[in-house]
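Notes for the one structure printed next.
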Amino acid sequence: KERAWLTGFTGSAGTVIVTQDHAGLWTDSRYFIQAETQLAGSEFELHKMTPGRGLEYDVWMASNLSKGARIGCHGMLFSVNQIKYIQKAVSGKEIILEVHHDFITEIWKDRPSLPNAPIFDFSVAYAGEGRCSKIETVRAKMAELKADWYLISALDEVAWLFNLRGSDIDCNPVFYSYALVSARDCYLFVNKQKIDTSLIAKLDKCNIELLPYEAIISTLERIPERDTVLLDVLTTSMRINQAISSNIMELDSMIRDKKAIKNATEIQHIKKTMEKDGVALTRLFKWIEDTLKHRTLTEWEIAEQCKKCRAIMPDYKGESFDAIVGYDANGAIIHYHAEQESSETVYPQGILLLDSGGQYLDGTTDITRTIALGTPTAQQKKDFTLVLKGNIALDQVYFPYGTNGIQLDAVARQALWTECMNYGHGTGHGVGFFLNVHESPPKMVATTNGRQPTILKVGMVMSNEPGLYRKGQYGIRIENLLLCVEHTENEFGKFLKFETLSLYPIDLQLIDIELLDMKEINWLNQYHEKVFRQLSPYLNDEEKTWLAQKCKTISKC
C-alpha cells in the first residue's frame with residue numbers, strides 16, 4: 001500500500017528505491033505492461049527484473065551508491081531474509097543499512113488506520129482439526145528442536161493455527177496479528193475488541209491468552225537471554241527480529257508445510273466447493289453470451305456479475321482476489337484489473353480472459369478461462385491449443401516422490417517451447433483452504449530465485465495455469481486447481497499424480513483439434529463429461545442444455 005500510494009503502481013509485487021537523483025520501481029514480468037502504464041508521466045523509472053537473478057535492486061544499489069552511503073528502510077516491512085540479501089550485496093562498499101526509518105507514515109497524512117473488522121471462529125467441521133490439537137503438534141516439534149519459544153508472524157499461519165478467520169486484508173480471510181508459543185504459554189497478539197466474549201471463552205479452553213497487537217516487541221524483549229526463540233526468516237520482519245535478545249533459531253516455518261497439506265475433511269469440502277463455483281461460472285458465462293446478443297458489456301460489468309453469481313452460493317464469503325477480466329489487448333496484462341470509469345467495452349468478437357476465484361467457508365477457488373466471443377483466427381486457435389496442451393501435460397504427468405516444482409514447470413511449457421514461445425509467470429502456486437489464494441510453499445516456477453525448491457507432497461492443492469500473451473493483441477490462460485495424490489508404489493519408488501479439482505468447460509471454439517493427439521482429446525472429453533455430470537444436477541433445463549453444448553464430445557473424425 002505504501003508503494004501504491006507513492007508511485008501509483010498497484011501490482012502485488014515490487015520494490016521502490018528513491019535516491020536524491022533517481023526514483024525506481026523493480027518488478028517482474030507479470031507487471032511490465034501494467035507498470036509502464038501506471039508509472040507513465042511520473043518520475044519513477046521501471047526496472048524490469050529477470051527471472052533467476054534474485055532481487056536485482058540490491059545489485060543496483062551496490063553499483064550506484066557511493067562508498068559509505070546510508071540506506072534507510074522500514075524494518076517492519078522487510079523480512080530478515082531480504083535484509084540479509086541486501087546487506088550482502090552492499091557490504092563491499094561499506095554501505096550502511098538502517099532499518100528503523102518510517103518515512104512514509106511521516107508524509108502520508110491521511111493514511112487509513114488499521115481495520116477493526118471482527119475475528120470469527122472457524123469451525124473444526126471445516127478445518128478438520130481443532131486448535132488445541134494444532135498447538136500441541138507445534139509444541140511437540142518445538143520440544144524435538146529444543147526451542148523454548150516459537151514466533152509466528154505470517155497472518156495465514158496464525159489464522160490456521162488458531163482456527164480463526166477475519167477480513168483485515170481484501171480477499172484474504174486473515175487478521176493483523178502475531179503469535180508466540182512456548183511449552184506452557186500461548187499468546188495471540190491482536191486487537192481484543194475484534195473478538196467477542198464467546199470466542200474468547202473458546203480460546204481460553206486452549207489456554208490462549210490475548211495480548212495487544214502492539215505488545216509484540218515489548219513481549220519479545222522480555223524473553224530471558226538463556227531461552228531459544230524459533231522463527232522463520234522469510235516471514236519475520238527485521239525490526240521484530242531485533243527485539244529478541246535471546247538465542248534465535250532460524251528455521252523454515254513448521255506451520256507452512258502442515259497448512260499446505262490438506263487433511264481429508266478439507267479435501268472433501270474443497271471438492272464440493274468446486275461444484276458450487278462451477279455452477280456460478282456456468283451462470284456467469286451463459287449470461288455473458290446471452291447479453292452480448294443484445295448489447296455490449298464492459299469488463300467492469302462482467303467482473304461485477306461474476307461477484308453476483310458467486311454471492312448466491314452457500315457459505316460464500318467474498319472474492320479470493322479481484323477478478324481479472326481482460327478483453328483483447330487487456331488480456332495480455334497478466335494481472336489486469338478493470339476500473340469502472342476506464343474499462344474496455346466488450347463486443348461479440350475477439351477474446352476474453354477471465355481469471356477469478358471465491359472464498360467460501362469450505363474452500364478457496366481460483367480458475368481462469370479464455371473464451372472466443374466471435375470467430376477466432378487461426379493464430380488464436382494455435383496459441384490457445386498450445387497453452388491447452390501444456391495444461392493437459394501437467395495434469396496427466398506422473399512423477400516420483402521428491403520431485404520439485406521447477407521440474408514440473410517445464411512440463412507445462414514444453415508445447416510452447418517447441419514453437420519458441422513462453423510466458424513470464426509461474427505455472428502454479430499453492431492455494432489455501434479458506435485462506436490466501438496464493439499459499440506457500442507449493443509452487444511450480446521456472447526458478448526459485450535462491451529459495452529452496454518445493455517438494456510436492458500428497459494433499460497439496462495448487463494451480464495449473466500456463467498462458468501466452470501477445471502485447472497489444474490478446475492474452476490466453478487456462479487454469480485449473482490440482483490436488484496432489486498418490487499414484488503407485490513399485491520397485492522404483494513411490495509415484496504421485498494430480499487430480500483436477502476445478503469444474504468448468506474449456507472453450508472448444510478456440511481449439512485447433514489437429515494439434516491435439518488422441519490422448520489429449522480423450523483427456524478433454526473425459527474432463528468435460530465429469531464437468532457436466534457434477535454440475536448439471538444444480539442447473540435448470542435451459543442451463544443444462546447450454547452446458548451440454550459446451551461439454552460436447554470432440555473427435556478428429
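The values are calculated or read from the model by the stated rules, or taken from the named source; none is laboratory data. None of the values given here were measured: they were computed from a predicted structure. Here the Cβ is made from the backbone with ideal geometry for all residues, glycine too, and neighbour counts use every protein chain on show. Calculation scope for accessible area: heavy atoms of the full protein, side chains included, ligands and nucleic acids excluded. Shrake-Rupley method; radii C 1.70, N 1.55, O 1.52, S 1.80 Å.
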TODO: Could you please let me know if Ala215 is of a type in the set (Gly, Ala, Ser), within 23 Å of His100 (Cβ to Cβ) and surrounded by 12 or more Cβ atoms within 10 Å (Cβ to Cβ)?
DONE: yes
TODO: Can you work out which of the residues in segment 179-195 that are under 30 Å from the mean Cα position of the chain (by Cα) and touching a residue at least 40 places away in the same chain (Cβ under 8 Å) is surrounded by the fewest Cβ atoms within 10 Å (Cβ to Cβ)?
DONE: Gln193
Open item on the list: Regarding segment 468-476, can at least one residue be identified that is small (Gly, Ala, Ser), outside any loop (DSSP other than H, G, I, E, B) and open to solvent by less than 30 Å² (accessible area, probe 1.4 Å)?
Closed with: yes
- [ ] Show the residue pairs that are 6+ apart or on different chains and have beta-carbon atoms under 7 Å apart, the first residue being within segment 10-26 and under 18 Å from Asn64 (Cβ atoms), the second being among the aliphatic types (A, V, I, L, M) and part of a loop (DSSP other than H, G, I, E, B).
- [x] Trp26/Met49
Task: Yes/no for Leu199 being at pLDDT 95 or above and outside any strand (DSSP E or B) - done: yes
TODO: Can you give me the ranges of the helices (runs of 4 or more DSSP H) entirely in segment 1-113 with at least 2 residues that are open to solvent by less than 60 Å² (accessible area, probe 1.4 Å) and closer than 30 Å to Ser253 by Cα?
DONE: 2-7, 57-64, 80-90
- [ ] Return the residue satisfying two criteria in turn: it lies in segment 322-354 and is at pLDDT 95 or above and aromatic (Phe, Trp, Tyr), and of such residues it is surrounded by the most Cβ atoms within 10 Å (Cβ to Cβ).
- [x] Tyr327
Open item on the list: If a residue must be loosely packed, with under 15 Cβ neighbours inside 10 Å and in contact (Cβ under 8 Å) with a residue 24 or more places away in the chain, how many such residues does segment 138-160 contain?
Closed with: 3
Open item on the list: Out of Thr370, Thr365, I need the residue that is modelled with pLDDT of 95 or more, under 19 Å from the mean Cα position of the chain (by Cα) and buried (at least 24 other Cβ atoms within 10 Å of the Cβ). Which one?
Closed with: Thr365
Open item on the list: Out of everything in segment 230-253 that is under 29 Å from the mean Cα position of the chain (by Cα) and of a type in the set (A, V, I, L, M), what residue ends up being nearest to Asn116 (Cα to Cα)?
Closed with: Ile240
Task: Residues located in segment 282-318, provided they are part of a helix (DSSP H, G or I) and among the acidic types (Asp, Glu) - done: Glu289, Asp290, Glu299, Glu301, Glu304
- [ ] Filter segment 196-205 down to the residues that are in contact (Cβ under 8 Å) with a residue 40 or more places away in the chain and open to solvent by 60 Å² or more (accessible area, probe 1.4 Å), then identify the one that is farthest from Leu155 (Cα to Cα).
- [x] Lys205
